Amino acid sequence: MIRRLTETDHEKCFDFLSEQPAENLFIIGDIEAYGYEKDFQKLWGEFNEEGELIAVLLKYEENYIPYAKGAFDAEGFANIMLSDPKFSMMSGLKGVTAKVEPFVMHRLKRKRQTYYAKCTALSHDLAATVDTSKVLQATPKDADRLVQLLHSIPEFSDSIITVERKKRVLEEGVSRSYFVEEDGEMVSTASTTAENTVSAMVVGVATLENFKKKGYATQCMVKLCNQLLKEGKELCLFYDNPSAGVIYKRIGFQDIGFWMMYSFHREEKV
């Protein structure tokens, strides 16, 4: 049985999602931020005959994220999505979205997959040998320099991050950044985004070209990850390049599958 979830379902829903906090980073974060009763955000749950929650579907604006650990009513979730005139995106773990995909393929515009990895403990050898004494934690006053650093690096040149947004997320505590300086210049950084009470995503790992191969990005990552892991949070990240994945795995990240991102044509009005 699929039905809308409300605040009265929160404990059961949160317990279910928190069994895999990194995999459910976005759903957990949106529930903590906006709850169950907003016009732009809704949640549905599927319950088995024993009344156990076995699957969750989140709607945030036009995007839907389905999650389940086993078999679930994929067609039922698809019908909810297709009944929404604003539905134009779906994202989630490949093992889950692949079950919904056949029922929405007729509206598919494009899809993309990226590696999804999580970390529950740092590599012991790396944590013991990496010197993080030069790594500083950014404050909102550093937002301008952080954004300037990212925009000066080719792979981040099309980033939509602005100084105002960076400053705001640092102030709100849903993001944190660490960095290394040389002669007063910010040369390497690593950040989190979408932080919630049980997980966080690592983003913006970057180093200026002239300062690469000095271990600065690793130092920033170790300092950042160590801090969040001490707080009991699981860490996750996306990556496209397998060579980058090798670096992350040295730190302690392990692949947990692929994260899928779909865009769909909206249903034409007759």
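The values are calculated or read from the model by the stated rules, or taken from the named source; none is laboratory data. Just so you know, these numbers come straight off a predicted model, no measurement behind them. Because the Cβ atoms are built from the backbone with ideal geometry, glycine has one as well, and the counts that use them run over all protein chains shown. Accessible surface is based on the protein model in full, side chains and every heavy atom, while ligands, DNA and RNA are left aside. Shrake-Rupley method; radii C 1.70, N 1.55, O 1.52, S 1.80 Å.
Note on the chain: dipole from Cβ charges, positive end direction compared against 208, 20, 31; the farthest Cα belongs to 208. How far is helix 163-172 tilted off the main Cα axis of the chain, in degrees rounded to 10, range 0 to 90? In the chain, helix 163-172 runs at an angle near 80 degrees to the longest axis.
More than 18 angstrom separation, counting every C-alpha pair in region 61-200; what % is that? Please list the in-between numbers first.
Numbers: 6761 of 9730 pairs.
Beyond 18 Å sits 69 percent of the P(r) for region 61-200.
With respect to the chain, whose longest principal axis is taken over its alpha-carbon atoms, helix 94-104 is tilted by about 40°. Taking amide hydrogens as placed 1.01 Å from N in the peptide plane, the amide H of residue 205 sits under 5 Å from those of 191, each at least 5 positions away in sequence or on another chain.
How high is the relative contact order of region 110-179, in percent, counting Cα pairs under 8 Å that sit 6 or more residues apart? Write out the running numbers ahead of the final one.
Details: 40 pairs, mean separation 24.7, N = 70.
Computed value for region 110-179: 35 percent relative contact order.
Bridging of residue 141 to aspartates and glutamates at a Cα separation below 12 Å is possible for 164, 171, once same-chain residues fewer than 8 apart are set aside. Scanning residues 5 or more positions from residue 123 or on other chains, those with amide H under 5 Å from its amide H are 252, with H placed 1.01 Å from N in the peptide plane. Residue 39 contributes about 140 Å² of solvent-accessible surface, heavy atoms of the protein only, 1.4 Å probe.
Considering only 44, 188, 228, and ranking their Cα positions along the charge dipole of the chain that arises from unit charges at the beta-carbon of Lys, Arg, Asp and Glu, the one farthest toward the positive end is 188.
Based on C-alpha pairs under 8 angstrom that are at least 6 apart in sequence, the chain has a relative contact order of 24 percent.
Cβ under 13 Å from residue 42's Cβ, residue 42 left aside: what net charge do those residues give with Lys, Arg +1 and Asp, Glu -1? Write out the running numbers ahead of the final one.
On the way: positive: 3, 4, 38, 59, 86; negative: 7, 9, 30, 37, 39, 61, 62, 84.
Spelling it out: positives minus negatives among the neighbours equals -3.
Specify the angular offset, from 0 to 90 degrees and rounded to the nearest 10, of the alpha carbon long axis of helix 242-251 from the longest principal axis of the alpha carbons in the chain. Around 70 degrees separate the two axes. Relative to one another, the C-alpha centroids of region 193-263 and region 84-158 are positioned 8 Å apart.
In loop segments of region 170-219 as defined by DSSP, the trypsin sites (Lys or Arg not before Pro) with at most 15 further C-beta atoms inside 10 Å of their C-beta are 212, 213, 214. Counting only DSSP H runs of at least 4 residues, each contributing -39500 (n - 2.57), and dividing by the residue count of the chain, the helix-based mean residue ellipticity at 222 nm comes to -9500 deg cm²/dmol. Rounded to the nearest 20, the size of the Cβ-charge dipole of region 182-233 about its Cα centre is 260 debye, with Lys and Arg at +1 and Asp and Glu at -1.
Counting heavy atoms of the protein chains alone, residue 83 has an accessible area of about 90 Å² for a 1.4 Å probe. Counting only Cβ charges, +1 for Lys and Arg and -1 for Asp and Glu, the dipole size of region 172-270 around its Cα centre is about 320 debye.
Under unit Cβ charges (Lys, Arg +1; Asp, Glu -1), what dipole magnitude, rounded to 20 debye, does the chain have relative to its Cα centre? Write down the numbers at each step before the final one.
On the way: 34 positive and 41 negative charges, 152 e Å.
For this selection, approximately 720 debye.
Here region 103-170 has 51 percent of its accessible surface on carbon and sulfur atoms, given a 1.4 Å probe and all protein chains in place. Checked against a 26 Å cut-off, the cross-linked pairs 38/230; 12/249; 59/118; 167/230 give Cα-Cα distances beyond that limit for 38/230; 12/249.
Would you mind pulling out the separation of the Cα centroids of region 55-73 and region 1-30, in Å? With region 55-73 and region 1-30 each reduced to a Cα centre, they are spaced 10 Å.
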